[in-house]
1. Let me know the shape class of the stretch B:72-146, please: from the alpha-carbon gyration tensor, a ≥ b ≥ c as square roots of the eigenvalues, rounded when a/c is under 1.5, otherwise prolate if a/b is greater than b/c, or oblate.
2. Give the aspartates and glutamates whose C-alpha is closer than 16 Å to that of residue A:77, dropping any in the same chain fewer than 8 places away, or say none.
3. Give the shape of chain B as rounded, prolate or oblate, defined through the alpha-carbon gyration tensor: a ≥ b ≥ c are the square roots of its eigenvalues, a/c under 1.5 means rounded, and otherwise the shape is prolate if a/b is larger than b/c and oblate if not.
4. How long are the semi-axes of the equivalent ellipsoid of the stretch B:63-212, taking √(5λ) for every eigenvalue λ of the Cα gyration tensor, in whole Å from largest down?
5. Test of understanding: express the Cα radius of gyration of the stretch B:243-353 as a ratio to 2.2 N^0.38 Å, with N the residue count.
6. Mind checking which aspartates and glutamates have their Cα closer than 18 Å to the Cα of residue B:252? Skip sequence neighbours fewer than 8 apart in that chain.
7. Suppose every K and R has +1 on its Cβ and every D and E has -1 on its Cβ; what is the size of the dipole of chain B about the Cα centre, in Debye to the nearest 20?
8. Accessible area of the stretch A:63-161 with a 1.4 Å probe: how many percent of it is carbon plus sulfur?
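The values are calculated or read from the model by the stated rules, or taken from the named source; none is laboratory data. These figures come from a predicted structure and were not determined experimentally. All Cβ positions, glycine included, derive from the backbone under ideal geometry; neighbour counts span all protein chains shown. Keep in mind that these areas ignore ligands, DNA and RNA; they rest on the heavy atoms of the full protein, side chains included. Shrake-Rupley method; radii C 1.70, N 1.55, O 1.52, S 1.80 Å.
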Amino acid sequence: MRKSAKQYGLIALLTISALLCRGQQLFPDVTIKTIDKQDIQTKNIFHKNEITIVSLWATWCTPCQNELDELNDKNWKDKGIRIIGISVDDARSVDRVKPLVNGKSWDFDVFLDPNNDLKRALNIGPIPYLAIVKDNKIVYQKTSYVPGSEDDLLKIIQNLK
Amino acid sequence: MTTKNQYMNKLKTILIIVLITKTALAQNQNNNGTISGGYESYSEWYQNDPKTGISFSPSDPRFRSNNYFKIDYLLNHFKVGAQYEAYLPAPLLGYSTKLQEISPSGIPVGDNGIATYYGNFTIDQLDITAGYFYEQFGSGLVFRTWEDRQLGINNAIKGLRIKVKPTEDLAITALSGYQRVGFETSNGEMNGINSELNLGDLLNSSDLGIRLGGSYVSRYLSGATTSTINAYSGRVNVDYARLNLGAEYIMKDPDFSYQDLNGNSHHNPGSAILANLTYSKKGLALTAQYRRLQNMGFYSDTDPLVVKNTYNDQVLNYLPSLTKQHDYNVTNLYRYATQARVIDQQSPVFGENGGQIDVFFNLPRWSFFGGKFGTKIALNYAVWYNLAGTIDPTTRDYKISGEFGDKYFQDASIEIKKKWNDKWSSVFSYINTFYNADALGSPTGQGAGVGTISANIFVFESTHKWFGTKSSRIILEHLATPDDLKNWEAITLEHNFNSHYSMYAIDLYNYGNPDISQRIHYYNIGASYSRGATRFAVSYGRQRGGLFCSGGVCRYIQPNTGLNFSLVTSF
């Protein structure tokens with residue numbers, strides 16, 4: 001196909017449009033799996049009126065695990081906030097998820113997205129990815145992890161209330 | 001590409017722009033449905049580098065860029081979406097040649113257009129998709145289509161897929177179509193059916209759970225030596241209290257297997273066995289995996305050039321290397337890649353047989369070794385062997401004579417993660433690696449005659465939180481080996497100014513290389529800005545050539561030097 005100024009203009013337009021488009025997004029309803037590999041719809045993993053922090057992570061992603069280690073060390077339950085980890089490990093490493101979760105003594109629910117159906121529906125790039133979800137709506141989302149950013153989440157959630 | 005297709009692409013492009021405009025205006029208007037999407041862009045400005053011997057001819061595009069724009073529209077039970085991809089002026093180095101065309105003057109020119117699109121209807125227990133879709137049967141050994149932009153894999157099927165759940169415990173998926181190849185589709189036609197049955201309710205036991213699975217996949221290719229290739233998979237998964245046992249067996253019809261040293265093609269049946277056993281409780285868990293593969297390469301074509309392509313084009317199943325996925329610099333020098341097919345060479349390859357064991361445990365808080373914050377420990381041992389066999393010197397046919405031939409690869413590692421206080425945390429890793437370059441090929445691009453490589457790797461990582469989201473990290477790595485390119489070291493410095501701005505510097509140095517002119521610093525400096533779901537990063541550096549692995553699939557990349565930009569956002 002011939003390259004032309006029009007094509008580069010189109011890419012520029014798409015980029016700007018993507019950066020400008022913002023708003024509340026529904027958390028996609030797709031089939032994922034429980035940590036015991038039973039099918040479950042994502043709409044059924046949330047509790048009504050509960051604020052939930054959702055982290056997409058993998059056993060091979062060190063920053064993701066650092067973030068979840070820190071989230072696990074904080075007491076969210078008393079504040080009425082729930083943590084959910086969704087592993088995007090594929091067949092190579094999905095069998096390491098449950099042992100790793102238990103080995104680390106993580107005290108929150110973990111689900112599996114082995115062929116990345118949820119990750120694709122969220123249209124996100126590389127992990128870590130974190131979203132705050134209320135009533136099946138994504139009210140905040142961020143990519144990448146910086147140590148200490150878990151402390152900011154509480155402030156963000158307090159502003160949402 | 002034809003003129004008709006060009007008009008189609010322009011039409012689809014206009015549709016995308018309309019959808020974006022609508023997104024900005026109607027994001028919160030639920031009655032009109034919802035639109036979501038994402039954009040990823042990776043670009044590099046390549047430079048000549050006398051150190052690594054990289055020299056671009058004047059006609060070769062120095063600036064290359066991969067761009068992916070995806071948009072989905074959801075209205076009640078209906079969902080439609082499309083992905084526009086642009087590899088302009090040319091795809092990044094190491095990506096499939098199917099993403100570009102060669103102009104009459106011999107210059108590679110990148111392609112662009114609507115690469116995938118779909119329409120989906122879901123209601124209760126029925127899910128129908130037309131267009132491009134991704135699917136996995138079982139562990140993917142018999143069939144998997146997926147997208148990995150880092151590796152340049154997108155082997156989606158274009159066709160029709162129907163999923164039904166006649167009962168709560170039974171799920172059936174049927175599909176038919178052609179595989180995506182660049183911006184076109186394969187000649188080979190795919191058909192498949194998969195079923196999953198959960199016996200949990202029938203067993204009436206809170207401790208015991210059994211799930212069964214079965215798949216049938218076929219590839220039809222007109223004019224091939226064998227036009228129809230069938231593959232079958234049977235699976236069982238048993239949960240009992242804290243134990244989980246999973247097993248899968250796959251049979252595949254005789255298919256193109258290998259091209260011998262004389263250039264003749266051989267066809268052989270394929271088989272695979274995969275088993276895993278897991279025991280886990282809070283604070284302690286272990287898992288063991290075993291796999292045996294023979295002739296399990298499965299493609300939507302039988303052309304030897306397709307089967308041996310290094311871009312993973314037209315692959316129909318997923319054969320990840322079952323080893324620990326390390327993510328440091330020196331730990332990725334000697335990585336194992338799955339050996340799924342026969343290679344007629346001086347040290348012939350017949351398949352693979354091996355496994356790995358993982359142990360995870362947590363030394364609890366306030367215990368003797370746990371300290372105030374506890375200590376997390378992960379152990380891994382992986383070992384992989386060739387199947388024992390011989391190749392007939394006349395016919396070049398092969399014969400398997402035993403289960404365990406030469407050792408391909410071994411990896412033993414321990415990782416200790418310790419949080420000292422609210423400010424300091426550290427990770428210590430030790431890895432002992434064995435790599436058989438005679439059978440597997442040289443991972444550092446040294447050609448034949450490297451022999452076997454034994455290496456000891458030490459990694460120390462420490463992070464200090466200053467205050468808020470201001471933090472610094474240092475990683476020190478060392479690889480010691482008397483073999484191949486001898487010793488390597490690496491240092492990484494990273495500083496996060498706050499949750500938005502970060503910068504880093506890395507230097508990977510082959511300081512032990514016997515050829516002093518090849519003692520090259522593979523340096524990289526970069527900075528990034530993140531806000532919400534948007535991340536922009538820029539970096540400059542020199543990338544070593546060799547085996548690049550992501551998600552268990554590997555490809556060879558050539559060394560390169562240049563300026564990189566990336567932008568990722570979703571909405």
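1. oblate
2. Correct list for residue A:77: A:50, A:69, A:107, A:109, A:150, A:151.
3. rounded
4. On the way: eigenvalues 280, 58, 36 Å².
Result for the stretch B:63-212: semi-axes of 37, 17, 13 Å.
5. That ratio works out to 1.27.
6. B:189, B:301, B:303, B:352
7. Its charge dipole is roughly 1660 debye.
8. Details: 1420 of 3140 Å².
Result for the stretch A:63-161: 45 percent of the exposed heavy-atom area is carbon or sulfur.
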